[in-house]
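Everything below concerns the one structure shown next.
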Amino acid sequence: MNELLHSSLSGAQQPILQVERMSRFYGERVGCQAVSFKLWPGEILGVVGESGSGKSTLLRCLAALDQPTQGDILFSEQGEWLNIPALSEPKRRALMRRAWGIVHQNPRDGLRMGVSAGGNIGERLMDAGERNYAQIRRVASEWLARVEIDPDRIDDLPRHFSGGMQQRLQIARVLVSEPRLVFMDEPTGGLDVSVQAKLLDLLRALVRDMGIAAVIVTHDLAVARLLTDRLMVMKDGFVIEQGLTDQVLDDPQHAYTQLLTSAVLV
Amino acid sequence: MTQVQTITGADPHYNYGYLDEQTKRMVRRALLKAVAIPGYQVPFGSREMPLARGWGTGGIQITAALIGPSDCLKVIDQGADDTTNAVSIRQFFARVTGGRTTEKVDEATIIQTRHRIPEKPLREDQILVYQVPQPEPLRKLEPSEVETRNMHAWEEYGLMQVRLYEDIARFGHVATTYAYPVMVNERYIASPTPIPKFDNPKMDMMPALQLFGAGREKRVYAIPPYTRVRSLDFEDHPFTVQTWDKPCELCGSRLSYLDEVIVDDQGSRLFVCSDTDYCEEQRQANASEGAGA
């Protein structure tokens, strides 16, 4: 039922990402366990849960920054299913650069702080083989405008930007290569409320415009409500509840989700 | 100086070429691998040498591993044969091998160099040994050695281009004038060592074997004879070399790389060839022409 609904929503025949009973153990400890879900093109999936519930472990495994202990992560590439953990390193790295993007919680992790804003945005283009300076420059200023940074600041270093601008710059840097799938780890963490709201607006517009699929990890239910189509609630490494975002937040089934939703006003 | 030159045999207190035979073998094995994979940095067991690391110990170890009784050694420091570093290294090898040394490019079979490639084209029977302070061209951009090795392995060289982009964005042109990164054999990006970018085109399809030794960083790499070496650039900002308005004020050459020399405390300056051997040869040629006419 859910699957039918989603495939008709995005108009796509096939999910872009398919995770089957994926687990990551740290020795005896559980990072996340038996996680399964499907993600369709253009869909935004939220992952919520308290700290230590396995959200970031899940994201790291999905984004190929970490290897799952068990299970499959299948990514659809030109009609073929690629099992990410089983791919060879060069293929995985190529895929990471071409088809994926990762937005880190701290912009310092995702940006090159010693490189100007234009260089930061242009890096992925140059990675992909672009060797025309004027062209790189043009695309970089377009993207600065799209993320609402004054294109005059193209030659400024990110360290001269405010926290919110750094985060927007990071988003531009990730989206410039037009990835099909974006992973975001607490993209609005550490920003004040008004900046957060602007950033959310921007993210929603960009992701919708470009038809990107996204997995967003957050502990902020308001962010989940605003940004995501579907929600997964995690606790102690397990997915305890998943469904449409409004459904999960308005009519939580699991006791923990009820606790979570009653703890904040959304 | 004269005393050293009159020594006919090697100093008997040292093994021939200073290094022991096993070490020389190890260095030569690393060099063979380096030649087989042009531009790839091969780790080697860099030894303590009787001079400080960072003063050319990598180049010296390569030279020591290669030099034989029939070789004739030339040592260049910033283009000159008569500076402290060049003179000391030449004396060192004269002492531990008893072999011939020279200041003439034509006579040399091994040329160890720091910061310059001779102006005169090299031949197939010559070997150019570079002293390398930092073999990793990506180091200033990516501090992690693990990551830079991966980047080389998977040919992820966008970052290097970012460095050139930054130069153009800040200065309007690529302001890197030395250690200008090159693409070797269309596969590995390598550092040409701190030679001026003026010398970069000489590396392309050079008939001589080019070997690079970094003693402190424990790496060797190589560019075999007749290998394509391309300096990185942008389509709309192509690679260019330095030019000067005036010829060398000693020999009149317009083709050589010029050094600026301050000649007094009034701010007078002189632009002269940095390659002393080349300059000398040009002046002799001028003089004989003048005498002939």
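Within the stretch A:247-266, residues that are closer than 12 Å to A:Val48 by Cα reach partners that are of a type outside the set (A, V, I, L, M, F, W, C) with beta carbons closer than 7 Å, at six or more positions or on different chains, in the pairs A:Val248/A:Glu241; A:Val248/A:Thr257; A:Leu249/A:Arg225; A:Leu249/A:Thr261; A:Tyr256/A:Lys235; A:Thr257/A:Glu241; A:Thr261/A:Pro252. Among the residues of the stretch A:118-134, the one identified as within 8 Å of chain B (Cβ to nearest Cβ) and among the polar types (S, T, N, Q) is A:Asn132. Of all residues in the stretch B:235-271, those being touching a strand residue (DSSP E or B) at 6+ places or on another chain (Cβ under 6 Å), surrounded by 12 or more Cβ atoms within 10 Å (Cβ to Cβ) and among the β-branched types (Val, Ile, Thr) number 1.
Which of the strands (runs of 3 or more DSSP E) contained wholly in the stretch A:5-59 include at least 3 residues that are under 20 Å from A:His219 (Cβ atoms), among the hydrophobic types (A, V, I, L, M, F, W, C) and at pLDDT 90 or above? So that I can check it myself, show each step before the final result.
On the way: elements: A:17-26, A:29-39, A:44-49.
Ranges flagged: A:29-39, A:44-49.
No other residue among A:Asp152, A:Asp185, A:Asp109 is free of Cβ contacts under 8 Å to residues at least 12 places away in the same chain and within 30 Å of A:Phe75 (Cβ to Cβ) apart from A:Asp109.
For A:Ala117, the stated conditions do not hold, so it cannot be described as touching a Lys or Arg at 6+ places or on another chain (Cβ under 9 Å) and surrounded by fewer than 22 Cβ atoms within 10 Å (Cβ to Cβ).
Would you confirm, using the coordinates I've provided, whether A:Asp150 is closer than 23 Å to A:Asp66 by Cβ and away from every other protein chain (no Cβ under 13 Å)? No; evaluated as a whole, the condition is false for this residue.
For the stretch B:140-211, please list each of the helices (runs of 4 or more DSSP H) lying entirely inside it that holds at least 1 residues being without any contact (Cβ under 8 Å) to a residue 40 or more places away in the chain, away from chain A (no Cβ under 13 Å) and within 24 Å of the chain's Cα centre (by Cα). Write out each step before concluding.
On the way: elements: B:145-153, B:158-171, B:200-203.
Once the helices (runs of 4 or more DSSP H) in the stretch B:140-211 are filtered for at least 1 residues that are without any contact (Cβ under 8 Å) to a residue 40 or more places away in the chain, away from chain A (no Cβ under 13 Å) and within 24 Å of the chain's Cα centre (by Cα), what remains is B:145-153.
Among the residues that make up the stretch A:173-191, is at least one of them in contact with a helix residue (DSSP H, G or I) (Cβ under 7 Å, 6 or more places away or on another chain), within 12 Å of A:Gly118 (Cα to Cα) and not β-branched (Val, Ile, Thr)? Yes, that holds for at least one residue. Of all residues in the stretch B:84-98, one or more are surrounded by 19 or more Cβ atoms within 10 Å (Cβ to Cβ) and either among the hydroxyl-bearing types (Ser, Thr, Tyr) or part of a loop (DSSP other than H, G, I, E, B) (or both).
The values are calculated or read from the model by the stated rules, or taken from the named source; none is laboratory data. Fair warning: this is a prediction, and the values are worked out from it, not measured in the lab. Note that each Cβ is placed from the backbone with ideal geometry, even for glycine, and that neighbours are counted across all protein chains shown.
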